[in-house]
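**Q** So that we are looking at the same thing, I have put the structure below in C-alpha cells.
The values are calculated or read from the model by the stated rules, or taken from the named source; none is laboratory data. Here the structure is a predicted model, which is why all the values come from computation and not from measurement. When we count neighbours, we look across all protein chains shown, and the Cβ atoms used for this are built from the backbone with ideal geometry, even at glycine.
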Amino acid sequence: MNVVELQQEVRAYALSIGIDKIGFTTSAPFRELKNRLKRQQDLGYQSGFEEKDLNKRTEPVLLLDQAESIISIAIAYPSRMKDSPKGKRGERRGIFCRASWGMDYHTVLREKLGILEEFIQELVPNAKMKSMVDTGELSDRAVAERAGIGWSAKNCSIITPEFGSYVYLGEMITNIPFAPDEPMEDECGECTLCLDACPTGALIVGGQLDAQRCIAFLTQTKTAIPEEFRTKIGNRVYGCDTCQTVCPKNKGIQNLHQNVFHPEPELAKPLLQPILSLSNRQFKEKFGHISGSWRGKNPIQRNAIIALAHFKEESAVPELIEMLKLDPRPVMRGTIAWALGEIGLDIGIEAIKEALLTELDPEVRKELEKVVEFKIEII
C-alpha cells in the first residue's frame with residue numbers, strides 16, 4: 001500500500017470510529033507560532049498551564065524522532081442542553097462550560113487516537129507515533145489550523161464550517177510522510193463580536209488572549225480571584241463560553257450526534273449550595289468523570305461562593321457564616337467575606353466583625369476589613 005492509499009484508509013477509518021474531522025500537515029517547525037508565544041510570554045499573557053519550553057511547543061521533531069507528519073483530529077461537542085434545569089431563589093444553580101459537559105474529552109480523544117494508532121500500526125508495522133490531547137507540548141489549535149481542520153478565529157478558537165468552534169482537538173505526530181492538507185481561509189472578516197462581548201476584556205485584539213484576565217482561566221486557579229473579576233464571573237463554576245455563544249459562525253450549531261458528550265443536566269448546571277459541603281471523595285464521585293473536575297473541589301467551591309454572591313442568595317448566608325468560622329482554607333474564608341458583603345445581610349456583616357477578632361491570615365483580614373471599613377484589633 002502506498003502513502004496515498006494509506007492516507008485515504010486512515011481518513012475513512014478515523015470517521016468510522018467517531019472522529020468528526022481529520023487533517024494532515026507536515027512536521028515542519030511552527031515558526032510564526034514561536035514568535036507569538038514569545039510575545040505572549042513577554043507580555044505576561046500566558047496562563048502558566050502551558051509547556052514552558054517554546055522549542056518543544058513548536059518543533060515536532062523534538063517530540064518524535066524522524067517525525068514527518070502530524071495528523072490532527074476534531075470531535076464536536078454539544079452547544080445545547082436538553083431539559084436544562086432552572087434555578088430559583090433558594091435553589092440557585094451554577095454552570096459548567098460546554099467543553100466540560102459529558103465525559104472528560106481527554107479520555108475520549110485519547111481513546112480515539114489510541115485506536116487510530118493501532119490501525120496504522122497494523123498497516124505500517126514500523127510506524128512511529130506520538131499522540132496528545134490538550135496537555136501535550138504542541139498547540140492543538142496551531143496544528144489544526146495548519147492541517148485544514150478550521151481557521152484560527154479572533155476568539156482564539158478553531159472554527160470549523162461544519163461544527164463551529166464547538167470542537168475538541170488532538171493530534172498525532174508520525175514518521176509517515178502524509179501529504180499535507182490545505183489550511184482554510186480566515187472567515188472572521190470585520191466581525192468583532194467576541195472581542196466586544198468578553199466580560200473581562202481578555203481578548204486584547206483578534207487572536208490575542210490575556211489568559212490572566214480570561215474567566216475560563218480564572219475559574220481554574222486555586223488562589224483568590226482578584227476582586228475586579230469577581231462580579232464578572234456570574235454563576236460560572238468552571239469555564240466561560242461567551243466568546244463562542246456570540247459568534248455568528250456558531251449560530252444554529254447544536255452538535256448533538258456525540259452521545260458521550262451529552263450533558264447530565266444536574267451536573268452541567270448544579271445546585272450551588274450543596275457544592276459547599278462536598279468532601280473530596282464526594283466531589284470525585286459526583287464530578288470526577290467530567291473535565292471540569294481536573295483541578296479538584298477547591299476552585300469549584302470558591303466559584304460557587306462567588307456565584308451565590310452574584311445572586312445575592314440570602315438563604316446561603318448561615319452556611320457561609322459557618323464556613324467563615326470553621327473552614328481552614330484562607331482562600332475560601334476570604335472569598336466568603338467578600339460574598340457576605342455583596343449579599344449584605346446584617347447577620348453576615350456581624351459575622352465578619354466577629355471574625356476580625358480572631359482571624360490571623362493577613363489576606364483574609366484585608367477581605368474582612370474591606371467589608372466593614374474599619375479594623376478591629378485581635379484579642
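**Q** Working only within the stretch 77-98, note down all residues that are surrounded by 22 or more Cβ atoms within 10 Å (Cβ to Cβ) and of a type in the set (Gly, Ala, Ser).
**A** The one that is surrounded by 22 or more Cβ atoms within 10 Å (Cβ to Cβ) and of a type in the set (Gly, Ala, Ser): GLY94.
For (1) part of a loop (DSSP other than H, G, I, E, B); (2) out of contact with any helix residue (DSSP H, G or I) (no Cβ under 9 Å at 6 or more places or on another chain); (3) within 14 Å of ILE22 (Cβ to Cβ), each residue gets a yes or a no:
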{"residue": "MET103", "(1), (2), (3)": "yes, no, no"}
{"residue": "VAL108", "(1), (2), (3)": "no, no, no"}
{"residue": "LEU113", "(1), (2), (3)": "no, yes, yes"}
{"residue": "LEU116", "(1), (2), (3)": "no, no, yes"}
{"residue": "LYS130", "(1), (2), (3)": "no, no, no"}
{"residue": "ASP134", "(1), (2), (3)": "yes, no, no"}
{"residue": "ALA144", "(1), (2), (3)": "no, yes, yes"}
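**Q** Just checking, does the stretch 80-91 include any residue being over 30 Å from ALA316 (Cα atoms) and either aromatic (Phe, Trp, Tyr) or free of Cβ contacts under 8 Å to residues at least 12 places away in the same chain (or both)?
**A** no
**Q** If you don't mind, there's one more thing I want to ask. Quick one: count up the residues across the stretch 260-281 that are in a helix (DSSP H, G or I) and within 20 Å of the chain's Cα centre (by Cα).
**A** 7
**Q** Taking the stretch 158-200 as the search range and keeping residues that are free of Cβ contacts under 8 Å to residues at least 60 places away in the same chain and among the hydroxyl-bearing types (Ser, Thr, Tyr), which one is farthest from ARG230 (Cα to Cα)?
**A** By that ranking, first place goes to THR192.
**Q** Name every residue in the stretch 180-237 that is closer than 16 Å to GLN46 by Cα and of a type in the set (Ser, Thr, Tyr), in order of residue number.
**A** THR200, THR219, THR221
**Q** Let me ask something else about it. Can you pull out the residues in the stretch 282-309 that are over 17 Å from the mean Cα position of the chain (by Cα) and not in a helix (DSSP H, G or I)?
**A** The answer is none; no residue qualifies.
**Q** Here's another thing I want to ask about it. Kindly check whether there is at least one residue in the stretch 322-341 that is surrounded by fewer than 22 Cβ atoms within 10 Å (Cβ to Cβ) and more than 17 Å from GLN301 (Cβ to Cβ).
**A** Within the stretch 322-341, one or more residues are surrounded by fewer than 22 Cβ atoms within 10 Å (Cβ to Cβ) and more than 17 Å from GLN301 (Cβ to Cβ).
**Q** Can you report the number of residues in the stretch 36-48 which are surrounded by 12 or more Cβ atoms within 10 Å (Cβ to Cβ) and either hydrophobic (A, V, I, L, M, F, W, C) or in a helix (DSSP H, G or I) (or both)?
**A** 6
**Q** Continuing with this model, one more query. For ILE73, work out the one condition from (1) crowded, with 16+ Cβ neighbours inside 10 Å; (2) out of contact with any strand residue (DSSP E or B) (no Cβ under 6 Å at 6 or more places or on another chain); (3) among the β-branched types (Val, Ile, Thr) it doesn't fulfil.
**A** Condition not satisfied by ILE73: (2).
**Q** Right, here's the next one. Got a sec? Which of VAL143, VAL167 is of a type outside the set (Asp, Glu), closer than 26 Å to LYS251 by Cβ and crowded, with 23+ Cβ neighbours inside 10 Å?
**A** Answer to the selection: VAL167.
**Q** In the stretch 100-108, is there at least one residue being more than 30 Å from LYS232 (Cα to Cα) and buried (at least 20 other Cβ atoms within 10 Å of the Cβ)?
**A** Checked the stretch 100-108: at least one residue is more than 30 Å from LYS232 (Cα to Cα) and buried (at least 20 other Cβ atoms within 10 Å of the Cβ).
**Q** Still on this structure, please answer the following. For the stretch 15-27, name all the residues that are part of a loop (DSSP other than H, G, I, E, B) and exposed (fewer than 15 other Cβ atoms within 10 Å of the Cβ).
**A** At the first step, the residues of the stretch 15-27 found to be part of a loop (DSSP other than H, G, I, E, B) are 17-20, 27.
If the condition is that a residue be part of a loop (DSSP other than H, G, I, E, B) and exposed (fewer than 15 other Cβ atoms within 10 Å of the Cβ), then ILE17 is the only one that fits.
**Q** Give me a count of the residues in the stretch 355-365 that are in a helix (DSSP H, G or I), surrounded by fewer than 22 Cβ atoms within 10 Å (Cβ to Cβ) and in contact (Cβ under 8 Å) with a residue 24 or more places away in the chain. Can you show your working first?
**A** Of the residues in the stretch 355-365, the ones in a helix (DSSP H, G or I) are 355-356, 362-365.
Then drop every residue that is not surrounded by fewer than 22 Cβ atoms within 10 Å (Cβ to Cβ), which leaves 356, 362-363, 365.
Cutting the leftovers down to in contact (Cβ under 8 Å) with a residue 24 or more places away in the chain gives us 363.
Going through the stretch 355-365 one residue at a time, the tally reaches 1.
**Q** Would you mention how many residues in the stretch 258-274 are within 17 Å of PHE163 (Cβ to Cβ) and either free of Cβ contacts under 8 Å to residues at least 24 places away in the same chain or out of contact with any Pro (no Cβ under 9 Å at 6 or more places or on another chain) (or both)?
**A** 2
**Q** Can you tell me which residues in the stretch 59-79 are of a type outside the set (A, V, I, L, M, F, W, C) and over 27 Å from the mean Cα position of the chain (by Cα)?
**A** ASP65, GLN66, GLU68, SER69
**Q** With the structure loaded, tell me whether LEU209 is buried (at least 21 other Cβ atoms within 10 Å of the Cβ), assigned by TED's automatic domain parsing to the domain that holds PRO330 and at pLDDT below 95 or whether it fails that test. I'd like the intermediate steps shown before the answer.
**A** Numbers: buried (at least 21 other Cβ atoms within 10 Å of the Cβ): yes; assigned by TED's automatic domain parsing to the domain that holds PRO330: yes; at pLDDT below 95: yes.
So LEU209 passes the test.
Per-residue answers, yes or no, for (1) part of a helix (DSSP H, G or I); (2) surrounded by 18 or more Cβ atoms within 10 Å (Cβ to Cβ):
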site: ILE173; (1), (2): no, yes
site: ALA179; (1), (2): no, no
site: PRO183; (1), (2): no, no
site: CYS194; (1), (2): yes, yes
site: PRO199; (1), (2): no, no
site: PHE229; (1), (2): yes, yes
